[in-house]
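Remarks on the structure that follows.
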């Protein structure tokens, strides 16, 4: 069964963050996810989630100054202390909301940086985060992001992420497979998802080009979602797209999968 999660960072942007939780439930979603839940007190998030019985499918560890251009701190040797502090905050939100998947963002690497040193730092920090999360049954996911939308991000292909996962050597660390990013970078979506399914901890979607809702671009989402279901993927699929217009008006594609 295809299970869709509403990404509150991308959907219902005309509403304040907490009201987006209510909107997701009203639209029929049974789970939510976002980049930064830390914009609201965790107690208020929980209160909003309890009324419709929503699950929190995924959120990111604190990425640094998002508005200032940060996209994570885990690979940056100069920000080791900042990353260590972010583990405690993310763990508290995960435990209190019942979230079982957390996205660790590596960050952007400058052209002149020592990639080997940054890789070593990233691997160490993944292990450090895993030491905190794994005893609570919380999975860490790593996401390759396309070079067009986020130039300079530490990894942009599944192969690069798998190399880091192998170096970390932790079974609790999985791949976040974003269909939109990987259509741009790799294509061959169905075969790639089938091959990598044992390593995938979360999936996200958007159509291409434009990063809008399914049905606006080139990806055959009815077929692909059915294929993902046939393969036995049981996790949430995050709707991380920029609606062309009103979020509710653009959910026709999702009606077969929503309550």
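A few comments on the model shown:
- On a per residue basis, the convex hull of the C-alpha atoms belonging to region 3-257 measures out at 120 Å³.
- With the convex hull drawn over the C-alpha atoms of region 16-59, the volume per residue is 61 Å³.
- What separates the Cα centres of region 203-258 and region 1-68 is a distance of 17 Å.
- Net length available on complete extension from residue 85 to residue 227 is 47.1 nm, with 0.36 nm assigned per residue and the Cα-Cα distance removed.
- Stokes-Einstein D for region 103-153, Kirkwood Rh over Cα pairs, 25 °C, 0.890 mPa s (µm²/s): 199 µm²/s
- Comparing region 64-207 with the 2.2 N^0.38 Å rule of thumb, its C-alpha radius of gyration ratio is 1.00 (two decimals).
- In this rough spin-label picture, where each label sits 7 Å from Cα along the Cβ direction, the residue 36-residue 234 distance is 3.5 nm.
- log₁₀ of I(q)/I(0) at q = 0.25 Å⁻¹ - region 21-93, Debye sum with one point per alpha carbon: -1.12
- Ranked 124, 114, criterion: other C-beta atoms within 10 Å, fewest first: 114, 124
- For 174, 50, 3, the sequence from fewest to most other C-beta atoms within 10 Å is 50, 3, 174.
- Note on residue 196 and residue 120: with the Förster distance fixed at 35 Å, the Cβ-Cβ geometry gives a FRET efficiency of about 0.90.
- For residue 78 and residue 131, a Förster radius of 22 Å and the Cβ-Cβ distance give a FRET efficiency of 0.50, rounded to the nearest 0.05.
- In the frame of its principal axes, region 124-207 has Cα extents of 36, 28, 20 Å, reported largest first.
- Each of 42, 173 was scored by other Cβ atoms within 10 Å of its Cβ. Listed from fewest to most, they are 42, 173.
FYI, it's all coordinate maths here, none of it is from the lab. This one's a predicted model, so the numbers in the text were calculated from it and none came from an experiment. All Cβ positions, glycine included, derive from the backbone under ideal geometry; neighbour counts span all protein chains shown.
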